[in-house]
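Here is the structure we will look at, set down as structure tokens.
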Amino acid sequence: MKKVVYTEQAPPAIGPYSQAIAANGLLFVSGQIPVNPANGEISTDVKRQAEQSLSNLKAILAAAGRTTADVVKTTIFIKNMNDFAAINEVYAGVFAENPPARSCVEVARLPKDVLVEIEAIAALN
């Protein structure tokens, strides 16, 4: 059985997908781009984009009754690997203790031409 997770504290999906799906003891959070859910704005600064993407991720986790401590795996998609250190600095502040497994890949393009997108899998039990 699967359950759709949705919150207005994160941007709505911009396509035919859910913000997150809870299934089989796991929460699968779709990739979060740095759209401010309150006003739709996107910063041009890569650190602020990473902060907003993680803020959106945390809002969805909270809607499912979870926190970043429950995250077991993340994938970070970045436009430019030269931004890795800046994004990693922000990421390390959110996942300071017992960080999840992670992949980070450079991609040619992201939705809305943002610089970073972060998806996650969290444990529900």
Partner aspartates and glutamates for LYS47 [C-alpha distance under 13 Å; skip if fewer than 8 residues away on the same chain] = ASP83, GLU89, GLU117
Cα extents of the chain along the principal axes, largest first, in whole Å, come to 40, 31, 23
Between ALA69 and ALA123, what length comes free when the chain is fully extended (0.36 nm per residue of separation minus the Cα-Cα distance, one decimal in nm)?
-> 18.5 nm
Determine, for MET1, MET81, the number of other Cβ atoms within 10 Å of each Cβ, and report the residues in order from fewest to most.
-> MET1, MET81
Quick one: angle between helix 46-63 and the longest Cα principal axis of the chain, in degrees between 0 and 90, rounded to 10, please.
-> 10
Kindly write out, for the stretch 94-109 in residue order, the coupling ³J(HN,Hα) from the Karplus curve 6.51 cos²θ - 1.76 cosθ + 1.60 (θ = phi - 60°), rounded to whole Hz, with x marking Gly and Pro.
-> 8, 10, 6, 10, 6, x, x, 4, 8, 10, 9, 10, 8, 10, 5, 7
Quick one: if you stick a label point 7 Å off each Cα along the C-beta vector at SER55 and GLU89, how many nm between them?
-> 1.8
Grab the other residues whose beta carbon is less than 11 angstrom from that of PHE77, score K and R as +1, D and E as -1, and report the net.
-> -1
State the extension gain, in nm to one decimal, for the chain segment bounded by ASN82 and SER43, taking 0.36 nm per residue of separation less the distance between their alpha-carbons.
-> 12.3 nm
Rank the residues THR74, THR67 as a footprinting-exposure proxy: fewest other Cβ atoms within 10 Å of their Cβ go first.
-> THR67, THR74
Fewest to most neighbouring Cβ within 10 Å: what's the order for ILE14, ILE78?
-> ILE14, ILE78
Measuring from centroid to centroid over Cα atoms, what is the spacing of the stretch 59-125 and the stretch 25-43 in Å?
-> 11
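Laboratory data are not the source of any read-out in this text; all were calculated from the coordinates shown. Keep in mind it's a predicted model, so treat the numbers as computed, not measured. All Cβ positions, glycine included, derive from the backbone under ideal geometry; neighbour counts span all protein chains shown.
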